[in-house]
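J.: Let me begin by handing over the structure; questions about it come next.
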Amino acid sequence: MIGNTMSQTVVLGVIGSDAHVVGITILEQAFSAAGFDVVNLGVQTSQEQFAEAAADHDAGAVLVSSLYGHAEQDCQGFHQVLEEAGVDAVTYIGGNLAVGQDDFEQTRRTFRELGFDRVFDSETDPEEAIAALRQDLEITPTESERVSVSS
Ligand code: B12
């Protein structure tokens, strides 16, 4: 969704049974420092918990993290759950999204087909995600904050 009156609230969490917490802790700090209101759901978050939080907070973005190699299974039907909850937000996913991640372009296609607006690999600098959020949520960055977005 791209519009003019977009929420700067981002809902962030690690989906499924995944317990890797360090990445989203760093992302939470980076997004907060960049001025976003961050709702961090933590690890082992279900699809329904993402949807409920995004609806409750009228989130502009839902950011999913996955490290343990089961992201594709965990994200099946995710966008339908969001839609049924009335969530109208951009969706990003990032982390170690496939076992091995030999061909990230294939991985990116897989998650785009699942409905994600942007797909990030595990080498992503938080600044790149911040630049993407600013672009998608139509928030004007300062000159020194401009970072190119390739996802
Ligand atoms: C620490 C660690 C653990 C710890 C986690 C402790 C904790 N509570 O966090 C423990 C020991 C528990 C663990 C367990 C497991 N782990 Co582990 N773990 C790691 C390790 C070494 C580091 C992860 C980390 O903290 N990185 C540091 C943070 C800063 O980086 P990050 O997590 O990648 O996050 C950054 C980016 O990915 C990106 N990002 C992440 N999410 C998102 C989302 C968005 C929207 C965006 C924009 C960006 C983004 O931005 C983050 C910040 O810069 C990695 C290997 C590695 N080098 O990555 C393996 C790794 C992730 N683990 C792995 C595996 C397989 C497991 C287990 C399944 C092992 C097992 N058989 O039991 C279990 C899973 C348990 C579970 N239920 O989750 C594999 C995953 C393989 C895959 N995906 O192909 C890895 C890659 C190791 C490997 N090379 O095999 N693990």
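J.: With a 1.4 Å probe and all protein chains in place, put V22, V43, V90 in order of accessible area, largest first.
T.: V22, V43, V90
J.: Suppose only helical runs count, i.e. DSSP H with n ≥ 4. What mean residue ellipticity at 222 nm does that imply for the chain under -39500 (n - 2.57) per run, divided by all residues and rounded to the nearest 500 deg cm²/dmol? Walk me through the numbers on the way to the answer.
T.: On the way: 6 runs with 54 residues, N = 151.
The per-residue figure over the chain is -10000 deg cm²/dmol.
J.: Related question: Just grab the label-to-label distance for D121 and Q44, each label 7 Å out from Cα along the Cβ direction, in nm (one decimal).
T.: 3.1
J.: Give the whole-number value, in cubic angstrom per residue, of the convex hull volume spanned by the C-alpha atoms of the range 9-143.
T.: Each residue corresponds to 95 Å³ of Cα convex hull volume.
J.: A further question follows. E48 accessible area, nearest 10 Å², 1.4 Å probe?
T.: Surface open to solvent at E48 totals about 110 Å².
J.: Then there is this: Can you pull the one-decimal nm distance between simple spin-label points at V22 and A85, each 7 Å off the Cα toward Cβ?
T.: Once both label points are built, they end up 2.8 nm from each other.
J.: What spacing in nm lies between the two simple spin-label points modelled at Q73 and D56, each 7 Å away from Cα in the Cβ direction?
T.: Distance between label points: 2.8 nm.
J.: Can you list residues whose amide H is under 5 Å from F120's amide H, if they're 5+ apart or on another chain and H is modeled 1.01 Å from N?
T.: HN-HN under 5 Å from F120: I93, G94, G95.
J.: Note down the magnitude of the dipole of the chain about its Cα centre, charges +1 on Lys and Arg C-beta and -1 on Asp and Glu C-beta and zero elsewhere, to the nearest 20 debye. If you can, show how the numbers build up before the last one.
T.: Working: 6 positive and 26 negative charges, 21 e Å.
The calculation lands at about 100 debye.
The values are calculated or read from the model by the stated rules, or taken from the named source; none is laboratory data. All values reported here derive from a predicted model rather than from experimental measurement. Because the Cβ atoms are built from the backbone with ideal geometry, glycine has one as well, and the counts that use them run over all protein chains shown. What goes into the accessible areas is simple: the full protein's heavy atoms, side chains included, and nothing from ligands, DNA or RNA. Shrake-Rupley method; radii C 1.70, N 1.55, O 1.52, S 1.80 Å.
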